[in-house]
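What follows is a set of notes on a single structure, which appears directly below.
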Amino acid sequence: MAPPHPNDDERRGSRARGWLLLPPTRVPWLLKDGTMEAAATLLPVVGPYLKDFFEYEASYDGQIAINWTGAHLEVPVFALAAYLFIIFYIPPVLKSPFKIRNYWAYWNLLLSLFSIIGTSRCVPALYRELSTNGFQSSVCKDPSEWYLNGPSGLWTTLFVFSKLPELIDTIFLVFQKKPIIFLHWFHHVTVLLYCWHAFTMRSATGLWFISMNFSVHSIMYGYYFFAIIGMKGIARKIAPSITTIQIAQMLVGTVVTAMSAYWHGQEGVSCKVDPANFKMGLGMYMSYFILFASLFYDKYIAKEPKNNEPKKNICGGDVTDKTDSAGLFHRDGSISPSKKDAKKSS
């Protein structure tokens with residue numbers, strides 16, 4: 001089938017101009033470069049804005065944001081104080097769940113799209129460093145020399161600051177009166193504190209964690225979106241994979257952190273990591289591994305508890321409840337009970 005002629009959009013009306021068709025002369029460039037800049041040639045209406053954004057990306061200096069986070073260490077503390085207050089003190093005073101399911105779905109879709117773009121900007125930078133200079137360089141080299149500036153620098157900054165609005169994940173659960181397991185809020189609290197500190201200390205390992213997190217969240221938030229809008233068939237099939245890749249992420253994170261700590265302690269080796277930060281990183285990743293592995297075991301391996309058998313608890317919280325880390329799914333993959341379901345069972 002012959003490709004459409006560039007002038008075909010004239011016959012489709014002004015609404016189609018510049019949106020529906022891609023001139024054949026642009027195709028090789030798009031496929032060859034595979035860069036986001038190609039989007040500007042497809043959308044003339046937003047093209048100028050995209051061009052300005054890409055120019056801003058290319059000239060971005062991450063040190064400016066690092067200076068700001070270092071001068072405002074109180075921001076995550078105050079944010080988490082409000083966050084924990086909402087989690088533990090708001091649910092008892094809520095008489096009925098808010099009807100915000102649609103907004104919840106859109107929120108997860110937005111986070112998935114944000115993570116997809118972040119993945120496209122950070123993973124290539126990590127791959128280039130690995131393929132050019134090797135693993136040690138990717139966990140020890142000063143970020144200002146390879147990923148702190150330009151597109152990867154901008155999306156590194158956006159990643160760190162995104163940990164603040166990601167707290168809204170839990171707010172949606174609270175106001176819908178859904179269960180919030182220990183792993184969920186513990187994860188949000190520790191990730192925000194760790195990322196803020198690591199960014200401020202300009203940790204060399206940062207792009208490893210950011211690339212993995214963006215990649216996992218691209219899938220995870222998309223999974224939540226499909227689950228919330230009722231596409232249970234899709235969600236059920238990928239549910240075990242979500243927890244599996246999260247466990248793999250924790251294993252890789254532990255190895256990366258441990259190796260950076262090892263090289264930091266070697267004489268004659270320069271490794272741009274902060275001792276306090278890699279100690280916190282090891283504790284965080286190892287605890288995540290234990291919690292996610294326990295969750296996976298309870299959800300997909302362990303037998304149903306017998307009558308009157310107490311639930312398992314880890315670290316003082318109900319980690320192995322029959323939901324996933326966002327309180328969405330039960331062991332059989334069904335959506336957590338809605339208000340209508342609750343009435344039927346009462």
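No value in this document is a laboratory result; all are computed from the given coordinates. Keep in mind it's a predicted model, so treat the numbers as computed, not measured. Here the Cβ positions follow ideal geometry from the backbone for every residue, glycine too, while neighbour counts run over all protein chains shown.
Each Cα pair under 8 Å and six or more residues apart adds its separation to the average, and for the range 209-290 the resulting relative contact order is 27 percent. Of the peptides 187-198, 222-233, the ranking by mean beta-carbon count within 10 Å, highest at the top, reads 187-198, 222-233. Given the range 47-155 reduced to its alpha-carbon atoms as identical point scatterers, what log10 I(q)/I(0) does the Debye formula return at q = 0.10, 0.15 Å⁻¹? Those come out to -0.52, -0.95, one per q. Of the trypsin sites (Lys or Arg not before Pro) found in the range 102-169, no site is in coil according to DSSP while having at most 15 other Cβ atoms within 10 Å of its Cβ.
Shape of the range 247-294 from the C-alpha gyration tensor: prolate (a/c of 1.5 or more and a/b above b/c, with a ≥ b ≥ c the square roots of its eigenvalues). With a threshold of 32 Å on the Cα-Cα distance, the over-threshold entries among K163/K279; K99/K279; K163/K303 are K99/K279; K163/K303.
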